[in-house]
Amino acid sequence: MTSFVKALQDAAVPMIAEIKPYSPELGDLLKGRDPKEIAESYQQGGVACLSVTTGRWHGGNIAMLEAIAGIAEIPVLRKDFITSRHELRRSLGAGADSVLLSAQLIRRQELMMLIDEALRMGLTPFVETNQASDLEGLSFPLGTVLAICNRDIREKECDDGTVSQSLALYQAGRQSNPELLISASAIRTPYDARVLMAAGYDGILIGTGLLMQDTDIQEVLSDYSSAIGLSRESLKKSPVCSGGARTNRSLP
């Protein structure tokens with residue numbers, strides 16, 4: 001299988017689509033649906049990677065990760081409070097290709113150790129934060145994905161986040177030198193996705209924004225794909241800054 005990073009780099013639609021059973025804010029997200037069937041719909045819709053929330057506060061568990069990884073044809077991220085080598089090994093054994101590491105919850109020295117250990121195991125470190133202070137002075141090793149979360153994980157993502165958080169932290173994220181920079185959570189519409197991609201993000205992670213839709217998931221994914229495609233065309237025409245990042249453009 002293609003690596004987590006390469007799958008996002010090569011994808012026509014660099015989207016990570018998430019499966020989580022429950023939101024503390026919105027309640028049941030599955031609405032009787034089988035998580036594996038949702039994963040298959042995501043794959044058929046052309047997403048680059050899957051994300052599976054195994055944390056109990058979102059109704060997940062490791063068995064759900066194992067079931068989805070067993071049928072996945074694209075890389076899978078495990079989202080949970082992972083803070084030890086044991087959890088890295090458990091994630092790998094359950095079929096994960098990438099693991100969430102929260103820069104807000106893990107001390108910096110321990111975070112860098114877990115990043116190195118994940119890379120050694122062949123797991124992609126998916127480091128997440130929503131604070132610029134977590135990134136000050138950091139330079140991530142090759143193979144690290146950084147996600148700017150538009151919600152606060154310390155509040156179990158119950159705060160009223162918006163994509164403005166990702167826009168505000170874009171430069172801080174780039175300066176920490178991740179291989180890929182992702183915007184995650186509180187992405188509610190295709191226009192949100194378009195704004196983020198036009199700002200220079202390498203991809204997006206969407207969960208609740210997909211699971212709460214009343215229409216067919218593949219139809220929703222098609223709308224997101226179109227929005228992302230428009231942003232990429234805009235970026236091709238935009239000037240490049242000296243630091244290598246694209247300049248922000250206003251959207252038509």
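Condition (residue is assigned to a helix (DSSP H, G or I), of a type in the set (D, E) and over 16 Å from the mean Cα position of the chain (by Cα)) applied to the stretch 209-217: is it met by at least one residue? Let's see the steps before the verdict.
Step one: of the stretch 209-217, the residues assigned to a helix (DSSP H, G or I) are 209-211, 217.
When the remaining residues are screened for being of a type in the set (D, E), the result is none.
Within the stretch 209-217, not a single residue is assigned to a helix (DSSP H, G or I), of a type in the set (D, E) and over 16 Å from the mean Cα position of the chain (by Cα).
Assuming L92 fulfils every condition listed in (1) part of a helix (DSSP H, G or I); (2) closer than 17 Å to Q213 by Cα apart from one, which condition is it?
In the conditions (1) part of a helix (DSSP H, G or I); (2) closer than 17 Å to Q213 by Cα, L92 misses (2) alone.
Please count how many residues of the stretch 12-36 are surrounded by 13 or more Cβ atoms within 10 Å (Cβ to Cβ) and without any contact (Cβ under 8 Å) to a residue 40 or more places away in the chain.
Number satisfying all stated conditions: 4.
When the residues of the stretch 52-103 are filtered to those that are polar (S, T, N, Q) and buried (at least 20 other Cβ atoms within 10 Å of the Cβ), which remaining residue is farthest from N150 (Cα to Cα)? Full working, then the answer.
Kept after step one, since they are polar (S, T, N, Q), are these residues of the stretch 52-103: 53-54, 61, 83-84, 91, 98, 102.
From the residues that got through so far, the ones that are buried (at least 20 other Cβ atoms within 10 Å of the Cβ) too are 53-54, 91, 98, 102.
Values: T53: 17, T54: 20, S91: 25, S98: 20, S102: 13 Å.
Restricting to residues being polar (S, T, N, Q) and buried (at least 20 other Cβ atoms within 10 Å of the Cβ), the top hit is S91.
Against the definition (within 18 Å of I82 (Cβ to Cβ), surrounded by fewer than 24 Cβ atoms within 10 Å (Cβ to Cβ) and at pLDDT below 95), how does I106 come out, yes or no?
Values: within 18 Å of I82 (Cβ to Cβ): yes; surrounded by fewer than 24 Cβ atoms within 10 Å (Cβ to Cβ): yes; at pLDDT below 95: no.
Judged against the criteria, I106 is not a match.
Any idea how many residues of the stretch 1-46 are more than 16 Å from I228 (Cα to Cα), in a loop (DSSP other than H, G, I, E, B) and of a type in the set (A, V, I, L, M)?
Looking only at that region, the number is 4.
Cβ contacts < 7 Å: first residue farther than 11 Å from I148 by Cα, restricted to the stretch 167-179; second residue part of a helix (DSSP H, G or I), any location; separation 6+ or different chain. Result?
Sorted first by the residue in the stretch 167-179, then by its partner, the pairs are S176/L135; E179/V5.
Looking at the stretch 127-147, is at least one residue at pLDDT 90 or above, over 23 Å from I82 (Cα atoms) and buried (at least 22 other Cβ atoms within 10 Å of the Cβ)?
no
Does S23 satisfy being among the polar types (S, T, N, Q), modelled with pLDDT under 95 and out of contact with any Gly (no Cβ under 7 Å at 6 or more places or on another chain)? I'd like the intermediate steps shown before the answer.
Details: among the polar types (S, T, N, Q): yes; modelled with pLDDT under 95: yes; out of contact with any Gly (no Cβ under 7 Å at 6 or more places or on another chain): yes.
Taking the combined requirement at face value, the residue satisfies it.
Checking S183 against (1) surrounded by fewer than 22 Cβ atoms within 10 Å (Cβ to Cβ); (2) small (G, A, S); (3) at pLDDT 95 or above, which test does it fail?
(1)
Is it the case that D116 is surrounded by 24 or more Cβ atoms within 10 Å (Cβ to Cβ), in contact with a strand residue (DSSP E or B) (Cβ under 9 Å, 6 or more places away or on another chain) and of a type in the set (D, E)? Write out each step before concluding.
On the way: surrounded by 24 or more Cβ atoms within 10 Å (Cβ to Cβ): no; in contact with a strand residue (DSSP E or B) (Cβ under 9 Å, 6 or more places away or on another chain): yes; of a type in the set (D, E): yes.
So D116 does not fit the description; no.
Could you tell me which of the residues S242, S231 is assigned to a loop (DSSP other than H, G, I, E, B), modelled with pLDDT under 75, on the phi < 0 side of the Ramachandran plot and not acidic (D, E)? Break it down into steps so the answer makes sense when it comes.
On the way: S231 fails: assigned to a loop (DSSP other than H, G, I, E, B).
Exactly one residue qualifies, and that residue is S242.
Every residue, every condition in (1) aliphatic (A, V, I, L, M); (2) touching a residue at least 24 places away in the same chain (Cβ under 8 Å); (3) out of contact with any helix residue (DSSP H, G or I) (no Cβ under 9 Å at 6 or more places or on another chain), yes or no:
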position	(1), (2), (3)
V76	yes, yes, no
I82	yes, yes, no
A94	yes, yes, no
S102	no, yes, no
R107	no, no, yes
E110	no, yes, yes
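Quick one: which helices (runs of 4 or more DSSP H) lie wholly within the stretch 101-203 and hold at least 1 residues that are β-branched (V, I, T) and within 18 Å of S91 (Cβ to Cβ)? Please lay out each step first, then the result.
On the way: elements: 108-121, 164-168, 170-175, 190-199.
Where helices (runs of 4 or more DSSP H) fall fully within the stretch 101-203 and carry at least 1 residues being β-branched (V, I, T) and within 18 Å of S91 (Cβ to Cβ), they are 108-121.
Which numbered condition in (1) part of a loop (DSSP other than H, G, I, E, B); (2) under 21 Å from Q218 (Cβ atoms) is the only one that V52 fails?
(1)
The values are calculated or read from the model by the stated rules, or taken from the named source; none is laboratory data. Just so it is clear, the structure is predicted and the values come from calculations on it, not from any experiment. Here Cβ is always computed from backbone atoms with ideal geometry, including for glycine, and neighbour counts include all displayed protein chains.
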